[in-house]
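The values are calculated or read from the model by the stated rules, or taken from the named source; none is laboratory data. Given the structure is predicted, the values throughout are model-derived calculations rather than measurements. Note that each Cβ is placed from the backbone with ideal geometry, even for glycine, and that neighbours are counted across all protein chains shown. The area values use the complete protein model at the heavy-atom level, side chains included, leaving out ligands, DNA and RNA. Shrake-Rupley method; radii C 1.70, N 1.55, O 1.52, S 1.80 Å.
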Amino acid sequence: MVTTTNTTAHAAHATGEATLDRIAWLRLSSITLPLATPISDAKVFTGRQKPMTEVAFLFAEIVTEQGHEGIGFSYSKRAGGPGQFAHAREIAGDLIGEDPSDIGRLWTKLVWAGASVGRSGLATQAIAAFDIALWDLKAKRAGLPLAK
């Protein structure tokens, strides 16, 4: 199953005004990957959970006004994939028009945008896809691998 959402907006700048690259749009995709063979772990052996039969991935693609791009992902095992995607969709609009280089401030902004959901678990897993996309974008702009 693949689910996609686009969030777009364009910030206007006055002629002659100094511009800062800003996030112009982003796309979220959710993909569920079925596993050919169910995976068991200690949680299964204790009787607390069933074997894992699929992994849900959340992808975030971020593009700036100057055409810079970054992609990030997060995943959910056993449960939470649809919730992760829904939460990411709810808070994604808060990134539009923002400076993609200010990653720490944007992480905090996204945490507070979804504070009623919580600041751990599903909420931070959803934010992780944006966070990785922002770091990927920053690394590409610097001409460095993401690991650097």
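Things worth noting here:
- Of the strands (runs of 3 or more DSSP E) contained entirely in region 20-77, those carrying at least 1 residues that are more than 30 Å from residue 139 (Cβ to Cβ) and either in contact (Cβ under 8 Å) with a residue 12 or more places away in the chain or within 26 Å of the chain's Cα centre (by Cα) (or both) fall at 23-39, 52-64.
- In region 53-92, the residues that are under 15 Å from residue 128 (Cβ atoms) and hydroxyl-bearing (Ser, Thr, Tyr): 74, 75, 76
- Residue pairs whose Cβ atoms lie under 8 Å apart, sitting 6 or more positions apart in sequence or on different chains, and linking a residue in region 87-101 that is within 19 Å of residue 66 (Cα to Cα) to a partner that is of a type in the set (D, E, K, R) and open to solvent by less than 40 Å² (accessible area, probe 1.4 Å), are 99/21; 100/21; 101/21.
- Residue under evaluation residue 67, criteria (1) at pLDDT below 80; (2) at positive phi, criterion not met: (1)
- Selection status of residue 60, open to solvent by less than 10 Å² (accessible area, probe 1.4 Å), among the small types (Gly, Ala, Ser) and out of contact with any Phe, Trp or Tyr (no Cβ under 7 Å at 6 or more places or on another chain): no
- Among residues of region 84-109 being out of contact with any strand residue (DSSP E or B) (no Cβ under 8 Å at 6 or more places or on another chain) and under 30 Å from residue 52 (Cβ atoms), the one that is surrounded by the most Cβ atoms within 10 Å (Cβ to Cβ) is 87.
- Residue 136 vs. criteria touching a strand residue (DSSP E or B) at 6+ places or on another chain (Cβ under 6 Å) and not small (Gly, Ala, Ser): yes
- Count of residues meeting criterion [at pLDDT 50 or above, open to solvent by 90 Å² or more (accessible area, probe 1.4 Å) and either touching a Lys or Arg at 6+ places or on another chain (Cβ under 8 Å) or not hydrophobic (A, V, I, L, M, F, W, C) (or both)] in region 7-48: 4
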